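A short write-up of the structure that comes next.
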Amino acid sequence: MEHRLAAVLAADMAGYSRLMEADERGTLARLRTHRIELIDPAIAKNQGRIIKTTGDGMLVEFQSVADAVRCAAEVQLRMRRRNADVAADRRIEFRIGINLGDIIFDDGDIYGDGVNIASRLEQLADVGGICITQAVHDQVAERLDLAYEDLGERALKNISRPVRVWRVLVDEPVRAAAGAAEPRPVVKPSIAVMPFTNMSGDAEQEYFVDGLTEDIITELSRRHELFVISRNSTFVYKGQAVNLRDVAGKLGAQYLVEGSVRKSGDRLRVTVQLIDTATDAHIWAEKYDRRLDDVFAIQDEVTAAIVATLPGRVEAAQQDQLVRKTPASLAAYECVLAAKVRHHRSTREDNVEAQKLILRAIELDPDYAHAHAWYGCILGQAWGYGWLDDADAAFAIVASELEKALSLDDNDADVHRILAAVHITRNDLNRARYHQERALALNPNYDLVVVQQGELLTWLGRPGEGIEWIGKAMRLNPHHPERFWSHLGKAHFTARQYGEAIEAFMRLSAMDAGQHAFVAATHAWLGDQMAAAAHLAEAFRLDPAFGVESFLATQHYGQGADLDHLREGLARAQKAAA
């Protein structure tokens, strides 16, 4: 038995019994996700030690009171961001109490007033809140950038003396350092989806029309690069003849989506158009003709097609505006947008420019999660192509930027997409699969997420499924980056579909050494020794340092047979070149 003074953090999950009764398996899965991704890493980062866990709570010991409060604030703030897109009755939320006192350690457990008071404080805390004792407040009030509210002395159950309690105001903004400039806010393009018009003359189709509009709004809201006006704001105008420019002004929308639905016999036609409200220009329009076999399947299909296309059309319109601006005038969002354009060109020179733009975005708004995520992505591209002098240092920056992005916004699909890519690079395919699935759940119609699902399935030894996902990504974005063809070629090669692999690689306007190596191996398996030797020679010409074994070491196959398949193809190509 051991006595010592320590900070104790007690946390429990609000509404645990209700959530478990409604969806036991889903609740446990989501709680485990929060533990793995947020809570346990926050405890470890702040030097905490988990002493006890129960179904709905835990006790954690910290040697530093400041570390305990810092950890609690981080957990509550990040949980708030995670819950932003979750229905109120499905949210997992915590209450936290922190005390500094004498702790008794005995056989792996902890006891004493220090523990009891922390547990009682947790029960006093608001859902999503933190309560601390006077002793804790005395130590952290001037050390942490947080605000506090004095709740006065409280009588706690089974505690003989009253305890003075403080509430940590985690909603309060962190106090800026003296002389620090206020960051400029991110100005995202705003878009409003107007209620689609039922042109069918069939009142029973009204539910379909409204459902389609609502689904489009919901799915567009997943895209963190857009500011989507809420349904409650746009449905005010349902059934009204309105001036779109006036509506846009009242809603504060740069872009409007409007559409109509017409039923004719056994067919349904949905039309949709995107309007730039500043110029009244129609940026994009499309018609969808479908058989009226299953209106709900049509609704899902049309919604997916629209929300996969619209962000790209908005981004293209924004890029046209950027051409007319000088770099010094770009705001944070516009810097990210311009950086993405250069990143997708996949050249060394464009990557350098993309890094400059993304760093400018972070300078303009240090808390812009999307910018930190894309800095990791852009630097990761340079790392992957070998364009950096110090690859190890760069990879450390990539990891740091993604950790920062994750702490700022757990609900950004790009953050999880890029984290999945990093873990693929580390050959940690299980961890990559976790983040990839999270990215897909957050945004199932994002072409970069969808194509990476195909790439990951290929590495996992499921290239047939990978081919399907890559094809879906190409359909979602007909103007996809060229590298999608490379992903498709590798998937076909891994599936032993050599003719299709060559056809995919030949769609590239230019190939790098690694792509030539894949084509060489493909021709070798087809028995075309001359083509195999020629492509292998081109790989060596493009990269004089190219080596078969070093190239194989950069591949991420989870199945040894798939790596041996590539090795054997390259060995045959080498033999042909000898």
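The values are calculated or read from the model by the stated rules, or taken from the named source; none is laboratory data. This structure is a prediction, so every number in the text was calculated from the model and none was measured. Heads up, the Cβs are rebuilt from the backbone with ideal geometry, glycines too, and the neighbour counts pull from every protein chain shown.
Structure notes:
- Of all residues in segment 358-372 being crowded, with 24+ Cβ neighbours inside 10 Å and modelled with pLDDT of 90 or more, the one that is farthest from the chain's Cα centre (by Cα): I358
- Residue match in segment 532-552 (condition: in contact with a Leu (Cβ under 7 Å, 6 or more places away or on another chain) and closer than 22 Å to A432 by Cα): yes
- Taken as a whole, segment 21-29 holds at least one residue that is surrounded by 16 or more Cβ atoms within 10 Å (Cβ to Cβ), outside any strand (DSSP E or B) and within 25 Å of the chain's Cα centre (by Cα).
- Within segment 385-397, residues that are under 17 Å from H343 (Cα atoms) and assigned by TED's automatic domain parsing to the domain that holds Q515 have Cβ atoms under 6 Å from residues that are of a type in the set (D, E, K, R) and surrounded by 11 or more Cβ atoms within 10 Å (Cβ to Cβ) in these pairs: W387/R348, counting only partners at least 6 apart in sequence or on another chain.
- Condition check for F484: in a helix (DSSP H, G or I) and at pLDDT below 95: yes
- In this entry, G259 passes the filter for residues that are under 17 Å from D215 (Cα atoms) and not aliphatic (A, V, I, L, M).
- Residue within segment 384-394 that is assigned to a loop (DSSP other than H, G, I, E, B), among the aromatic types (F, W, Y) and surrounded by fewer than 18 Cβ atoms within 10 Å (Cβ to Cβ) present: yes
- Residues in segment 250-279 that are touching a residue at least 12 places away in the same chain (Cβ under 8 Å), out of contact with any Phe, Trp or Tyr (no Cβ under 8 Å at 6 or more places or on another chain) and more than 26 Å from G201 (Cα to Cα): L251, G252, A253, Q254, Y255, A278.
- Sole exception among (1) free of Cβ contacts under 8 Å to residues at least 40 places away in the same chain; (2) among the basic types (K, R); (3) under 30 Å from A420 (Cα atoms) for R82, by number: (1)
- Here R32 passes the criteria (1) free of Cβ contacts under 8 Å to residues at least 24 places away in the same chain; (2) crowded, with 17+ Cβ neighbours inside 10 Å except the one numbered (2).
- Residue match in segment 336-344 (condition: at pLDDT 90 or above, within 18 Å of the chain's Cα centre (by Cα) and surrounded by 24 or more Cβ atoms within 10 Å (Cβ to Cβ)): no
- One residue stands out among those in segment 119-143 that are aliphatic (A, V, I, L, M) and closer than 20 Å to M79 by Cα: the one that is surrounded by the most Cβ atoms within 10 Å (Cβ to Cβ), which is I132.
- For segment 530-570, a residue qualifies if it is within 37 Å of the chain's Cα centre (by Cα) and of a type in the set (F, W, Y), and the qualifying residues are F546, F551, Y557.
- Among all residues of segment 58-81, there is at least one that is of a type in the set (S, T, Y), surrounded by fewer than 20 Cβ atoms within 10 Å (Cβ to Cβ) and modelled with pLDDT of 85 or more.
- Of all residues in segment 412-462, those satisfying the criterion of being of a type in the set (S, T, N, Q) and under 25 Å from A84 (Cβ atoms) are Q436, N443, N445, Q452, Q453.
- Pairs with Cβ under 7 Å, 6+ apart, first in segment 224-243 and small (G, A, S), second modelled with pLDDT of 70 or more: S233/L251
- Residue list for segment 397-433, restricted to those being of a type in the set (D, E) and either within 21 Å of M79 (Cα to Cα) or part of a helix (DSSP H, G or I) (or both): E401, E403, D409, D410, D412, D414
- Pick from segment 1-57, criterion β-branched (V, I, T) and closer than 23 Å to R120 by Cα, ranking: modelled with the lowest pLDDT: T54
- Checking the stated criteria, A501 turns out not to satisfy the condition of being among the small types (G, A, S) and under 28 Å from W374 (Cα atoms).
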